[in-house]
Amino acid sequence: MRLTHVIRNQQSDTLEAWVEPWCHPYRVASGSELVLRYEARSESDARIDAELTPERLVLWFGADHAPAAERDGIPAKPDWDR
């Protein structure tokens with residue numbers, strides 16, 4: 001099953017979204033949107049666990065492969081240069 005998870009940053013600061021278990025960091029500017037598209041084999045694989053820490057939003061995916069990302073409609077790679 002194909003799924004989409006959308007993160008809209010409505011804060012005044014940049015939000016760091018950390019995608020686990022692949023350790024992929026994405027910076028989401030204020031007013032921006034990060035879309036994560038992924039494949040899941042079952043409903044249990046489709047579940048995302050999220051934890052908001054003072055530093056970042058951590059998302060744990062149960063899928064076999066890292067999600068494809070788009071930032072404001074443009075394909076995005078992880079922000080390795082943090």
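The values are calculated or read from the model by the stated rules, or taken from the named source; none is laboratory data. Quick caveat: nothing in here was measured; it's all calculated off a predicted structure. Glycine also receives a Cβ, built like all others from the backbone with ideal geometry; neighbour counts cover every protein chain displayed. Accessible surface areas use protein heavy atoms only, side chains included; no ligands, DNA or RNA. Shrake-Rupley method; radii C 1.70, N 1.55, O 1.52, S 1.80 Å.
A few comments on the model shown:
- Of Ser42, Ser32, Ser12, the order by accessible heavy-atom surface (1.4 Å probe, DNA, RNA and ligands excluded), from most exposed downward, is Ser12, Ser42, Ser32.
- Qualifying chymotrypsin sites (Phe, Trp or Tyr not before Pro) for region 23-82 [loop in DSSP, other Cβ within 10 Å: at most 15]: Trp80
- Accessible surface area normalised per residue over the chain is 65 Å², counting heavy atoms of protein chains with a 1.4 Å rolling probe.
- Near Leu57: Cβ cut-off under 13 Å, other residues only, Lys/Arg at +1 and Asp/Glu at -1. The net charge is -3.
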